[in-house]
Every structure is written in C-alpha cells, then in structure tokens.
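See structure below.
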Amino acid sequence: MLAADFSRLGEEVKRIVTAGADMLHFDVMDGEFVPNFAISPPFIAAVREITDVPFDVHIMVTHPLRYIDALAAAGADLVTFHIESADEPSEVISAIKAHGLKPGLAFCPKTPVSAITPYLSDIDLVLPMSVEPGLGGQPFQRDTLEKIATLHQIIQEMTLLLDISVDGGVTTEIAPLTIRHGATVLVAGTAIFRSQQPETVIQKLRTPASL
Ligand code: ZN
C-alpha cells in the first residue's frame, strides 16, 4: 500500500483488488526501528472500510507489543514483526494470537536464517527481507533466494504449514525465481501500483519459472 497514490486511496484499493490482489500489504514504520515514518493504524482502519480482502500488516517498529491492540482494532488479519525488534518474540507471537490474528516473523538481510528457526512452528508466515527495511526503491538482494530455499527445506523437513513471503524489489523478472525457490506470498508495490495494467502484472507475478 505504500506505493499507492494516497490522494486517491479508495480508487487505488478498488483498482488493485479488481486486478486480482489476494491481500493488501501495509508497511508500518515507527521512525526508530527504521529512519522513516509510514502507515499507522488509522490509515489501515480507513482502508478496512473499503474492502474485505485480508490485510497483511508488516510492522517495522522497535516495540511491536505496543501495536497489536491497535492493529487488531484496525482490521489486520496477519501481523508480521521483526526478530530484530526489542520485544521478546514469543511474547509478541502470543499477543497476536490472543487477538485471533496470524503472526508472521520478518528478518533483515544481515540476520541469519538460524535466528528465526526456533519460532517457525509458532507462526503462519516467515519473511526474509530482500532489501534493508524502511527505504523504497532498492533492488532485490540475490542472496535472499538461498534463504528462501533454506527456509523451504526446513519447513518441509519439519512438516510445517507456513508461508514464505518476499518483500522488497519484487518485479515480474524476480518473482518467478522466488517462487521456484519456495516463496508462496509475493509483496509488490511499485510494480503493481505504477502499472497501467495491474492485472497483467499480478498474473505475471504469479507465474513460476520453467525448470
Ligand atoms: Zn513490507
């Protein structure tokens, strides 16, 4: 949603939901965990008035526990927080579940996959960030593909059911590679919102690479 034209928010939401978006992804930033401020719970609540599609809320904040009540009230379905945040991950996961929401866990490019593995059985989505969080327009970091493959393998071995999401620099060229490595949820902003044919872009993003 960060790539939407906020001056035409209602039209933008209708345009991409009609084009086939399965979920809306919101980036919440606190100006501390990341240098920028972005999307707050009232904005999410306003979009909830317009559509029923699931909301995937990615919180890039130092204190995720402070946000859970407000996000639940705003209409979030899934809340993805960062392992690098200050709060104890298992407490944040419990707080999210207490509201009947699905927990997701994100980690920055410099954080190893091993930091996240103890929590995989307690979450619904894992997000290996393919760019540094907080700044738009960065290219996809290629070593993310190995992390996706590693996570996919661990999830298979542990017979878990959770999504692997990709967020940051996802284009129609990169998307098939991520799917081939095991990604199941693709987040795209500018690629969809800046297109005159968002349905074509969404279709291409869904298409796995030929092996
Ligand atoms: Zn995000």
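The values are calculated or read from the model by the stated rules, or taken from the named source; none is laboratory data. If you're wondering where the values come from, they're calculated on a predicted model, not measured in any experiment. Please note: Cβ atoms are built from the backbone with ideal geometry, for glycine as well, and neighbour counts cover all protein chains shown. Accessible surface areas use protein heavy atoms only, side chains included; no ligands, DNA or RNA. Shrake-Rupley method; radii C 1.70, N 1.55, O 1.52, S 1.80 Å.
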Legend entry - Tally of residues being within 16 Å of the ligand (Cβ to nearest atom) and farther than 20 Å from SER114 by Cβ across region 143-162: 0
Legend entry - Search result, residues across region 10-25 that are touching a residue at least 40 places away in the same chain (Cβ under 8 Å) and either surrounded by 15 or more Cβ atoms within 10 Å (Cβ to Cβ) or within 23 Å of PHE107 (Cα to Cα) (or both): GLU12, ARG15, ILE16, ALA19, GLY20, ALA21, MET23, HIS25
Inset, instruction - Sort out which residues of region 103-130 are surrounded by fewer than 20 Cβ atoms within 10 Å (Cβ to Cβ) and out of contact with any Pro (no Cβ under 9 Å at 6 or more places or on another chain), and write them in order of number. - result: LYS110, PRO112, SER114, ALA115, THR117, LEU120, SER121
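Say whether the condition of being under 23 Å from ASP122 (Cβ atoms) and of a type in the set (Phe, Trp, Tyr) is met by at least one residue in region 38-45.
Going residue by residue through region 38-45, those that are under 23 Å from ASP122 (Cβ atoms) are none.
Checked against the condition, which is being under 23 Å from ASP122 (Cβ atoms) and of a type in the set (Phe, Trp, Tyr), region 38-45 yields no hits at all.
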Legend entry - Members of region 47-101 found to be closer than 29 Å to SER7 by Cα and open to solvent by 50 Å² or more (accessible area, probe 1.4 Å), listed by number: ARG48, GLU49, ILE50, ASP52, PRO54, ARG66, TYR67, ASP69, ALA73, ASP77
Legend entry - Residues being away from the ligand (no atom under 15 Å from the Cβ), more than 16 Å from GLN197 (Cβ to Cβ) and either of a type in the set (A, V, I, L, M, F, W, C) or in a strand (DSSP E or B) (or both) - total across region 1-36: 3
Inset, instruction - State whether the residues of region 147-160 include one that is under 13 Å from the mean Cα position of the chain (by Cα) and either modelled with pLDDT under 95 or open to solvent by 20 Å² or more (accessible area, probe 1.4 Å) (or both). - result: no
Legend entry - Single unsatisfied condition, ILE39 versus (1) open to solvent by 30 Å² or more (accessible area, probe 1.4 Å); (2) touching a strand residue (DSSP E or B) at 6+ places or on another chain (Cβ under 7 Å); (3) modelled with pLDDT under 95: (1)
Inset, instruction - Working carefully through the options GLY169, GLY189, GLY137, find the one that is among the small types (Gly, Ala, Ser), within 16 Å of the ligand (Cβ to nearest atom) and open to solvent by 50 Å² or more (accessible area, probe 1.4 Å). - result: GLY137
Inset, instruction - Just one of (1) open to solvent by 70 Å² or more (accessible area, probe 1.4 Å); (2) more than 15 Å from the chain's Cα centre (by Cα) trips up THR184, so point out which. - result: (2)
